[in-house]
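FYI, it's all coordinate maths here, none of it is from the lab. On a predicted model such as this, the values are computed, not experimentally measured, just so you know. Quick reminder, even Gly has a Cβ in these numbers, built from the backbone with ideal geometry, and neighbours come from all protein chains shown.
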Amino acid sequence: MKKNWFLVALVLLVFASQNLTAQYADTDTTYKRWFVGSSAFVLVSLIPDQKNPPQFFQLNVGYRLTNKDIITLEPKTWKYAWPNGIHPFLDDKYGTDEEKFPGRVREFGLSVSYQRFLWNGLYAELNVMPTLQHFVNTAGTRIDNGFQIFNTYRVGYHVKLFNDRFFIQPSMAVTHRAYHSTLPNGFKQLDDKWSKFVVPEPGFHFGFNF
């Protein structure tokens, strides 16, 4: 899973470096206001034969308030079987049997993000996502429900493609589990061992303007 994700990210970043174009100029009033898109993690989820397929789905629907200010709504869902505090790429404990939950968690979230362009295509983003959690045991039976607020603090670069019909956004982020309800027994003991932050987390978003 880790190697697959890094391979996809590397290919996309190389592609992005060949197409760098600045974000919308201060005097530009012709840019398209709306866009739809998603995350490259959706593509990673389609890779077969994974130990813990995340079954991740995300849809981004955004609106440009100005040429520098963007609001986006992002419905998402995914599942996982290891604590969110374990870095999936940099910590060898991720994917080990001793840190695995006695089941899995399925989350359904709707995040609201605000992007502010700082210079050319460079942007900073705050993403706040409340989620509903379903805790499932190893037999596949739901044993509890939960609630979480999951924040992402992101810095990235916006690249316009094909006369601004499409765009890509490579980025790096810090994720923060700002709040979550009490996890069920067996899940809580493992989750409490790990940080509420993950640093850094690579990102790669793409979209279509209209």
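Some observations on this one:
- Placing R0 at 25 angstrom, the Cβ-Cβ distance between Phe208 and Tyr153 gives a FRET efficiency of 0.45 after rounding to 0.05.
- Lys32-His134 FRET efficiency (beta carbon distance; Förster radius 22 Å; 0.05 resolution): 0.05
- Per-peptide average of other Cβ atoms within 10 Å, ordering 34-43, 159-168 highest first: 34-43, 159-168
- The Thr182 and Leu118 beta-carbon pair, evaluated with R₀ = 45 Å, returns a calculated FRET efficiency of approximately 0.70.
- Label-point gap, in nm, between Asn67 and Gln55 - each point 7 angstrom along Cα→Cβ: 4.5
- For the range 89-132 versus the range 138-204, the spacing of their alpha-carbon centroids is 1 Å.
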